[in-house]
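Okay, structure first, notes after.
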Amino acid sequence: MNGPPLLKVSGIAKRFDGLVATDHVSLEQNAGEVHALIGPNGAGKSTFVNLLCGSLRPDAGTIKLDGADIGHLSTVERVHRGLSRTFQMTQLLLDYSVLENVQLAVQSQAGHSFRFFKSARYDAKAMAAAMACLVRVGLCERAKVRVADLAQGERKQLELAIALAAKPRLLLLDEPMAGLSALDSQNMVALLQSLKTETTIFIVEHDMNAVFALADRISVLVNGRILMSGTAAEVKASDDVRRAYLGEGDV
Amino acid sequence: MLFLEQLLNGVQLGVTLFLMASGLTLIFGIMGVINLAHGSLYMIGAYASALIAAATGSVALALCGGLLAAGLAGFLIEFFVIRRLYQRGHLDQVLATFALILIINQSATMLFGRQPLFVKMPDGLNGFVTLLPGLVYPIYRLGVIAVGLSVACGLFLLINETRVGMLVRAGATHREMVRALGVNINRLYAMIFALGALLAGLAGVLASPIIAVQVGMGEQVLILAFVVVVIGGVGSVRGAFFGALVAGIVDTMMRAFMPGLLRHVLSGPDADALGAGLASVGVYLLMALVLLLRPKGLFVRPA
Amino acid sequence: MRALRPALLALLIVLLLALPVLSEALRQPAAIGLATQVLIYAIAAMSLNLILGYGGMISFGHAAFFGIGGYVTGILYSHFAEHSAFLGLVPGTNDMLIVLPLAMLISGLMAAIIGAFCLRTNGVQFIMITLAFAQMLFFLFVSLKTYGGDDGLMMRRRDVLPFLDTRNDTNFYLVCLTLAGLWLAVTRGVVRSKFGLVLGGLRQNEQRMEAIGIAPYPYKLVAFIIAGMGAGLAGALMANYLRFVSPGMMNWTRSGDLMMMVILGGVGTLMGPLLGAAAFVILESWLTTLTENWQFPLGLLLLALVLFTNGGLAGLLDRLWGRTR
Ligand SMILES: Nc1ncnc2c1ncn2[C@@H]1O[C@H](COP(=O)(O)OP(=O)(O)OP(=O)(O)O)[C@@H](O)[C@H]1O
Ligand SMILES: [Mg+2]
């Protein structure tokens with residue numbers, strides 16, 4: 001590989017009161033790779049994503065995107081550097097339509113929004129870009145629906161559409177399959193497969209089938225610490241991982 | 001000496017503010033409710049004790065009556081209004097409790113008129129003591145400080161040492177969790193609201209011989225108590241305590257000394273006018289400063 | 001309902017325009033004054049609704065900017081009357097074409113300063129702080145003895161316009177009507193613009209907005225400033241209507257009144273504040289004829305409205321008609 005890795009995290013740590021949620025995690029990801037983070041509930045996966053995107057400030061460690069330290073940047077600045085995320089618990093604008101949710105993300109990419117008098121609906125370019133994202137995730141028929149009226153699976157799809165609208169270089173997905181039906185999950189996997197060529201994906205996921213299907217590299221997080229990092233085959237073969245998931249003494 | 005006297009006055013205002021602000025901050029921190037009618041409870045305490053004192057002349061009765069009235073009013077308010085607001089947004093809470101202020105203030109006007117009541121200082125407490133050579137200070141105000149400080153100690157013990165206090169602390173951070181553990185959250189909330197009402201009532205009772213008891217007195221302290229809560233940090237009783245002392249002292253000192261200080265640089269009337277203006281906004285400027293440095297307040301750790 | 005909207009709107013406009021003639025025909029001269037107040041409060045309530053209804057910022061200090069607008073008018077007039085200058089620098093004036101923009105400018109400046117502090121917080125702290133800052137200005141003006149202190153300032157005449165006699169109540173009503181219409185148009189433009197889309201998004205979920213790369217603070221601040229300017233305009237008009245300004249204009253209960261108007265009419269709707277202001281002014285003037293303790297029934301009404309309806313008068317009507325949102 002030439003040049004620095006797209007993402008390089010070194011010794012990042014975060015504690016909540018007494019609880020160590022992230023314990024000096026280091027990890028690298030090259031452009032074009034799909035990296036999956038797995039681990040039992042409460043292992044600190046979401047916390048790690050929050051640290052990457054800047055909603056939480058680490059107590060120690062550095063985060064580099066393309067060799068540049070982004071640790072001091074705000075969430076907003078990181079988004080404009082190409083870091084985009086989805087939420088495990090969907091965070092959507094419930095009173096707005098599906099299209100408006102995506103449109104805002106497109107608008108954010110186009111610069112500031114201090115435009116006071118032209119109706120937002122007349123920006124054909126933004127609308128088209130937003131629509132394209134919806135087509136991508138298969139929500140284009142629901143474009144005019146209020147988000148509050150969406151089913152859980154559709155909300156997950158919308159999360160992804162919004163994240164895509166930010167044209168990310170690194171896409172952080174926090175459990176995109178959680179709450180999806182088997183069929184929707186399959187579709188989501190296929191969709192993520194197709195995204196592999198455009199962007200780099202960092203995915204947190206419990207659905208092992210999906211992880212094994214997608215990931216080039218898998219890291220296992222337990223109690224805030226990286227237990228091991230390797231290919232799907234290596235992870236499957238690891239006793240440590242089995243122990244972590246199934247409990248002590250059950251080997 | 002004048003300085004020390006004003007300092008004591010500041011502390012006295014501070015403990016009064018603390019009695020108000022601690023209730024506010026607890027009710028907000030634990031129940032998530034912003035209660036504008038908290039000042040009304042203060043007024044109710046003051047009115048009740050003033051009327052009872054005038055009718056019976058008994059200090060003990062006036063104290064108990066004031067507390068009882070405020071506690072009862074608090075109970076009714078919680079039962080009929082606040083209870084319906086836990087699940088609502090802040091806007092509804094603000095409006096409903098604003099409506100309560102209108103209702104309670106207007107009722108007070110209808111019942112007792114617009115004329116302020118003046119409460120006679122209780123016999124035996126209307127003297128002065130010599131604290132230091134040259135520093136004579138009213139006994140009553142010293143008493144207020146003493147009561148305020150002991151209540152503060154009591155609150156700390158209650159919150160840090162008892163089971164109720166443990167629930168209170170847990171409830172503030174993990175409301176759902178406490179509920180899931182089978183604690184009767186409604187009763188806990190009612191108790192906390194009643195406690196806040198009693199504290200506000202006590203503040204009213206204590207203040208009644210020092211200030212004019214009149215409609216609108218509640219809102220004056222209420223807004224100062226808000227300033228205190230913001231300075232100390234929402235939800236923090238410790239913050240309310242120090243915030244209240246700081247605010248009380250700053251307010252009193254600015255009012256006492258600002259015009260005098262300005263008279264060194266400006267001519268008499270100008271200095272007095274500007275001094276009075278600056279003095280009346282002193283605490284708010286303090287609040288602005290705190291917001292600049294610690295937006296969440298002095299005693300809440302930044303996220 | 002939806003189909004009826006344009007018709008209702010047209011009817012409203014015709015009514016408002018015809019009001020001077022109507023009030024004369026029906027021998028209700030007081031109606032003009034009442035309607036003028038409604039329009040002025042409607043401007044203030046619309047501006048509050050921009051931040052409260054659309055932006056989700058619960059400001060309990062909006063009357064501060066209303067008062068500032070009023071004082072800009074009063075102070076300029078007093079210097080004009082005394083042929084003196086503000087701070088020895090700025091000469092007074094009674095030219096409405098200067099006074100109104102200046103009132104908006106100064107109110108906007110104050111909103112920028114106060115907003116810069118208040119918007120560092122949110123939630124319940126924001127409510128408390130906006131209230132506290134408004135009260136600070138209230139006390140400041142109470143202590144400003146040069147400008148009447150507690151007693152306020154009187155204006156002998158209304159400010160003048162070059163082409164219209166504003167002393168005539170009908171003319172002044174029409175001025176207010178025009179400005180209220182303009183402000184409505186501005187609000188409509190703003191909430192439908194890209195800025196408005198962002199503002200509404202911030203109300204719904206700030207975390208989401210940050211995650212798509214939109215920083216909340218500058219947008220909220222600009223909305224706060226626009227709202228402050230609207231309130232300033234309303235305050236300047238009210239000073240002209242009453243020919244009087246006092247610290248009471250920025251008392252915290254006045255902020256509560258403005259909030260009540262927004263709620264009465266329906267939060268986050270374009271016409272809501274106008275309806276709410278009308279309901280409030282009419283209710284107030286009716287209740288005061290019944291009893292001097294009119295705040296009592298007003299309080300009960302507000303309480304009932306909050307506890308038992310959701311979404312103000314508009315919401316209530318919707319519900320009565322069985323329409324679900
Ligand atoms: N803001 C917070 N304050 C305090 N503790 C927190 C906070 N956020 C997370 N935690 C704690 O940190 C630990 C890790 O949480 P995290 O959400 O990162 O786990 P996770 O691996 O994403 O779990 P899941 O698979 O259930 O999503 C948990 O014990 C959680 O309770
Ligand atoms: Mg998680």
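Here, each number is a calculation from the coordinates, and none is a lab measurement. As the structure is a prediction and not an experimental result, all values here were calculated from the model. Cβ atoms come from the backbone with ideal geometry, glycine included; neighbour counts cover every protein chain shown.
Annotations for the structure displayed:
- For peptide B:276-284, the mean count of partner chain Cβ atoms within 10 Å of a residue's Cβ comes to 5.
- Exercise: per-residue mean of other protein chain Cβ atoms within 10 Å, A:55-65: 1
- Directionally averaged shadow of segment C:28-324, computed from the convex hull of its alpha-carbon atoms, nm²: 16.8
- Placed amide H near A:ILE203: partners under 5 Å, 5+ positions off or other chain: A:HIS35, A:ALA36, A:LEU37, A:LEU173
- Once C-alpha pairs closer than 8 Å and six or more residues apart are averaged by separation and normalised to the residue number of chain A, the relative contact order reads 27 percent.
- Of the DSSP H helices in chain C, those whose Cα atoms cover at least 24 Å axially and whose Kyte score averages -0.5 or more: C:5-25, C:30-49, C:63-82, C:96-118, C:124-143, C:169-192, C:216-242, C:272-290
- Gap separating the Cα centres of segment B:25-100 and segment A:163-198, nearest whole Å: 53
- Over segment C:28-324, relative contact order from alpha-carbon pairs under 8 Å, at least 6 apart, %: 35
- Compared with the dominant principal axis of the Cα atoms in chain B, helix B:139-161 is inclined by about 30°.
- Scalar couplings 3J(HN,Hα) for segment B:64-72, obtained by applying the Karplus form with A = 6.51, B = -1.76, C = 1.60 to θ = phi - 60°, are 4, x, x, 5, 4, 4, 5, x, 5 Hz; x denotes Gly and Pro.
- Its relative contact order, with pairs defined as Cα atoms under 8 Å and 6+ residues apart, puts chain B at 35 percent.
- With all pairs of separate Cα atoms included, segment C:195-318 yields a Kirkwood hydrodynamic radius of 16.7 Å.
- Ordering of A:20-27, A:186-193 by burial proxy (mean other Cβ atoms within 10 Å per residue, highest first): A:20-27, A:186-193
- Sum of -39500 (n - 2.57) over DSSP H runs of 4+, divided by residues of chain B (222 nm, nearest 500): -25500 deg cm²/dmol
- Exposure proxy ranking, count of Cβ atoms within 10 Å, fewest first, for A:TYR122, B:TYR137, B:TYR42: A:TYR122, B:TYR137, B:TYR42
- Residue-span extension gain [A:LYS125 to A:ALA31] - 0.36 nm each, minus C-alpha spacing: 31.0 nm
- Scanning residues 5 or more positions from A:ARG85 or on other chains, those with amide H under 5 Å from its amide H are A:LEU172, with H placed 1.01 Å from N in the peptide plane.
- Per residue of peptide B:247-257, the mean number of Cβ atoms on other chains within 10 Å of the residue Cβ is 0.
- Whole-Hz ³J(HN,Hα) from phi, Karplus 6.51 cos²θ - 1.76 cosθ + 1.60, for segment B:15-24, glycine and proline x: 5, 4, 4, 4, 4, 6, 5, 5, x, 4
- Working note: 222 nm ellipticity from helices only, DSSP H runs with n ≥ 4, each -39,500 (n - 2.57), summed and divided by the residues of chain A, gives -10500 deg cm²/dmol to the nearest 500.
- Loop-located trypsin sites (Lys or Arg not before Pro) in segment B:42-98 (DSSP state other than H, G, I, E, B) with a sparse environment of at most 11 neighbouring Cβ atoms within 10 Å are absent.
- Dimensionless Rg/Rh of chain B - Kirkwood Rh, Rg from C-alpha atoms: 0.98
- When peptides B:30-38, C:79-87 are ranked by their average number of other Cβ atoms within 10 Å per residue, the highest-first order is B:30-38, C:79-87.
- Label point distance in nm, C:ALA81-A:ALA151, each placed 7 Å from Cα along Cα→Cβ: 7.1
- Helix axis angle, B:38-56 relative to chain B longest principal axis, alpha carbon, degrees: 70
- Across segment B:78-92, coupling constants 3J(HN,Hα) worked out from phi with the 6.51/-1.76/1.60 Karplus curve, θ = phi - 60°, read 5, 5, 8, 10, 4, 4, 7, 9, 4, 8, 8, x, 4, 4, 4 Hz, and Gly and Pro carry x.
- Note on segment C:96-208: Kirkwood hydrodynamic radius from all Cα pairs is 17.7 Å, rounded to one decimal.
- Overall form of chain A: prolate. Here a/c, set by the Cα gyration tensor axes a ≥ b ≥ c, is 1.5 or more, and a/b is the larger of a/b and b/c.
- For chain C, adding -39500 (n - 2.57) for each run of n ≥ 4 DSSP H residues and dividing by the number of residues yields -23500 deg cm²/dmol at 222 nm.
- Overall shape: oblate for segment C:1-157, with the ratio a/c of the largest to smallest alpha carbon gyration tensor axis at 1.5 or above and b/c at least equal to a/b.
- Distance histogram for the protein assembly as shown (every C-alpha pair counted, 10 angstrom bins, percent rounded to whole numbers): 2, 11, 19, 21, 19, 14, 9, 4, 1, 0
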